[in-house]
1. Give me the one-decimal nm value for the distance between modelled label points at Arg292 and Ala358, 7 Å along each residue's Cα-to-Cβ direction.
2. Using only the alpha-carbon atoms, how far is helix 233-257 inclined from the longest principal axis of the chain? Give it as 0 to 90 degrees, nearest 10.
3. First measure r as the distance between the Cβ atoms of Ile228 and Leu174, then evaluate 1/(1 + (r/R0)^6) with R0 = 45 Å and state the FRET efficiency to the nearest 0.05.
4. Full-extension gain between Thr77 and Phe350, please, as 0.36 nm times their residue separation minus the C-alpha to C-alpha distance.
5. At 1.4 Å probe size, with the rest of the protein present, what percent of the exposed accessible area of the stretch 302-352 is carbon and sulfur atoms?
6. Strictly greater than 22 Å: what percent of every Cα pair in the stretch 455-552 meets that?
7. For His380, His467, write out the residues from largest to smallest accessible area, computed with a 1.4 angstrom probe and no ligands counted.
8. Taking the Cβ of Trp242 as the center, what net charge do the other residues with Cβ under 15 Å away carry, scoring Lys and Arg +1 and Asp and Glu -1?
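The values are calculated or read from the model by the stated rules, or taken from the named source; none is laboratory data. As the structure is a prediction and not an experimental result, all values here were calculated from the model. Cβ coordinates were reconstructed from backbone atoms using ideal geometry, including for glycine residues, and neighbour counts include every protein chain displayed. Just so you know, the surface numbers come from the protein's heavy atoms only, side chains and all, with ligands and any DNA or RNA stripped out. Shrake-Rupley method; radii C 1.70, N 1.55, O 1.52, S 1.80 Å.
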Amino acid sequence: MQKLTVLKIPAIAFGIGLASALGFAPLNWWPLTLLCMAGLMWMLLRAGRLRDAALIGWCFGVGHFIFGNNWIAQAFTFQQAMPPWLGMVAVFLLALYLAAFPMMAAAAAWSLHHLPPRLEHRRHRSEQARRRDKLKGLIPAGMEAAPIVPAIADPSPYGFIPLFAGSWVIAEWLRSIAFTGFSWNPLGAIMVAPGSAEPAWMGLTPLIGTYGLSGWMVLLAGIWLLAILPGTGRARWQRVGWALLVAMLAQILSAWMLRPLPPGPGPRILVVQPNINQNEKWDPKLQLDNFRRLSRLTGRPAPGAPPRLILWPEAATADFLEQEPEARARIAALLGPQDKILLGGDALIFDKAGDLTAVYNSLFALDSTGAIIGRYAKAHLVPYGEYLPARPILSAIGLSRLVQGDVDFRPGPGPRTLAIPGFGKAGIQICYEIIFSGRVIDAAHRPDYLFNPSNDAWFGRWGPPQHLAQARLRAAEEGIPVIRSTPTGISAVVDADGRLLHSLPWHQPGAIAATLPAPKPPTPFARFGNALPLLFALLLTAAGIAITRKLR
């Protein structure tokens with residue numbers, strides 16, 4: 001480490017961070033991500049000072065988030081009020097902020113790792129001081145022996161792995177709540193396979209949540225580290241062998257947790273993906289054509305056909321359904337007598353004088369008469385996307401929110417369950433809301449399924465598969481199926497274990513006709529939420545300190 005120059009160390013950490021993001025969808029090169037995490041831990045173990053460890057963690061985070069969030073730049077190409085190049089600036093600035101969380105994890109793990117030997121060193125100094133005090137007056141002045149205090153010992157490297165895993169869990173949880181939160185791409189998402197196969201270790205999420213799964217990824221990365229730590233060849237491979245055995249046992253537990261429910265009858269659903277691009281959605285000249293695309297894919301039921309729950313995307317209509325009964329009637333004409341439809345649209349908010357003051361990004365439930373039988377307002381809005389923080393200042397310098405319009409969206413009250421006659425209880429999470437682990441369910445009114453209408457047309461090629469991966473983690477955590485409908489993909493039906501049952505590819509119009517999957521009983525995570533990953537983090541931290549003290 002000493003041979004590396006001051007500039008090389010941050011550059012290597014930045015490069016490792018860039019490579020680590022290749023484990024997320026759509027590439028899913030997760031072994032590379034684990035190797036990069038092992039490389040990060042190796043660098044942190046050799047950091048001589050706390051500030052060196054913090055710098056390494058921050059540089060790693062900058063690279064990790066620049067590459068992992070590259071899709072954000074695509075959103076700026078749809079906003080005429082701002083230049084497209086500002087998108088890359090936004091990605092870079094966001095990465096500078098988000099990198100603070102890997103920096104916290106690195107600094108916390110390094111500090112805790114060096115705490116036991118430093119405490120031991122302090123104890124020796126205190127004992128020497130007490131002995132000198134006892135011998136005062138008994139030994140002539142100038143004849144006292146020089147105190148012998150051993151140098152601070154290097155801590156055992158093995159304890160660092162669980163310490164860093166626990167610190168990473170806490171850092172990801174903090175990232176999900178700080179400044180409204182941005183929990184996109186938790187490390188555990190690398191384990192969500194792009195196809196329908198059961199992802200390795202995803203069955204741990206009902207027990208330890210997504211952030212706990214991220215900590216488990218760090219532990220798996222530690223297997224790479226164990227293979228290169230000092231020791232004889234035999235001892236090294238014994239360590240690796242025991243670690244692989246634990247990983248295999250965890251995989252067996254994961255498979256047991258993901259036991260599928262027996263197939264059974266359920267309501268029929270129709271998930272519609274019209275392939276309407278973002279630059280087409282709000283063009284007044286294309287509104288009629290957009291509705292025709294939706295109606296053609298929805299179709300009309302044959303006489304005597306079973307009832308359908310029809311699911312359209314976020315912002316599926318530009319009409320204001322609460323003020324325009326003719327728009328509701330046009331949609332209701334597509335429904336059979338017992339059909340229901342859930343679709344996204346805007347709800348307008350007026351003051352007492354009748355002036356428009358704000359808008360709710362909403363989900364409406366309509367029946368076959370065109371009556372609104374339920375509405376949900378999105379609670380977790382996207383900063384700079386759906387509202388502009390400090391609007392008077394930022395708008396004065398030419399900045400605008402990404403969603404067109406001059407009136408900001410207002411947040412709704414939070415997770416809510418809608419009773420849909422004939423189709424059970426629907427939990428609603430609009431677009432970005434689905435990424436927040438432990439904050440998607442109305443616990444007092446547990447739904448039978450989650451509907452996640454989303455507009456991923458903003459997100460380029462990388463954003464939609466990453467968004468789907470995080471929705472699948474919510475399904476596994478809560479034991480509730482998730483249904484996604486998007487304008488351009490990826491629309492999907494996910495069962496209560498996070499398996500991908502049906503999906504429509506990116507930018508391909510189509511509809512999924514399927515049976516609504518059944519929910520599972522509440523999982524431990526559904527009962528206790530993020531207390532479980534935080535408890536897991538504390539156990540990892542305690543184990544790391546104990547190992548460091550025992551093996552120093």
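1. Result: 3.9 nm between the two label points.
2. 30
3. Once the sixth-power term is evaluated, E becomes 0.90.
4. Length gained, Thr77 through Phe350: 95.2 nm.
5. Summing carbon and sulfur atoms, their accessible area is 59 percent of the total for the stretch 302-352.
6. 47
7. Sorted descending by solvent-accessible area, the residues read His380, His467.
8. +3
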